[in-house]
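Written below as structure tokens is the structure these notes are about.
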Amino acid sequence: MEVRNEIALRIEKIREIFQHVMAISPEHKDLKLLAAQLEETENEFRSVAYEAAAMTLALKDLSNGNTPDQWRT
């Protein structure tokens with residue numbers, strides 16, 4: 001049972017990071033500042049933060065009818 005609780009806590013942490021980054025990514029005009037903020041995420045979960053930012057930036061570009069230039073950057 002302890003293993004299941006650990007897994008549930010880790011999944012919850014991933015969800016929280018993903019949602020937080022999705023909320024802050026569109027606010028950033030300067031991608032270097034966004035990257036600096038993502039680097040503050042715990043090493044173990046940093047890839048989740050970058051994935052959320054990449055997805056959010058790509059969706060923002062595509063929803064505006066643009067090519068995903070911000071995502072590529």
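Lys and Arg at +1, Asp and Glu at -1: add these up for the other residues within a Cβ distance under 12 Å of residue 10 and post the number.
Details: positive: 4, 13, 15; negative: 6, 12, 16, 42, 44.
So the surrounding residues net to -2.
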Any idea of the accessible area per residue across the chain, 1.4 Å probe, to the nearest Å²? 74 Å²
Computed from the coordinates I sent, Cα extents along the principal axes in Å equals one of [x] 45, 30, 21; [y] 48, 23, 17; [z] 37, 27, 17. Tell me the label. [y]
Dividing the mean separation of Cα pairs under 8 Å (6+ apart) by the residue count of the chain yields a relative contact order in percent of 28 percent
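The values are calculated or read from the model by the stated rules, or taken from the named source; none is laboratory data. All values reported here derive from a predicted model rather than from experimental measurement. In this analysis, Cβ positions are derived from the backbone assuming ideal geometry, glycine residues included, and neighbour counts consider all displayed protein chains. Please note that ligands, DNA and RNA were not included when accessible areas were found on the heavy atoms of the full protein model with its side chains. Shrake-Rupley method; radii C 1.70, N 1.55, O 1.52, S 1.80 Å.
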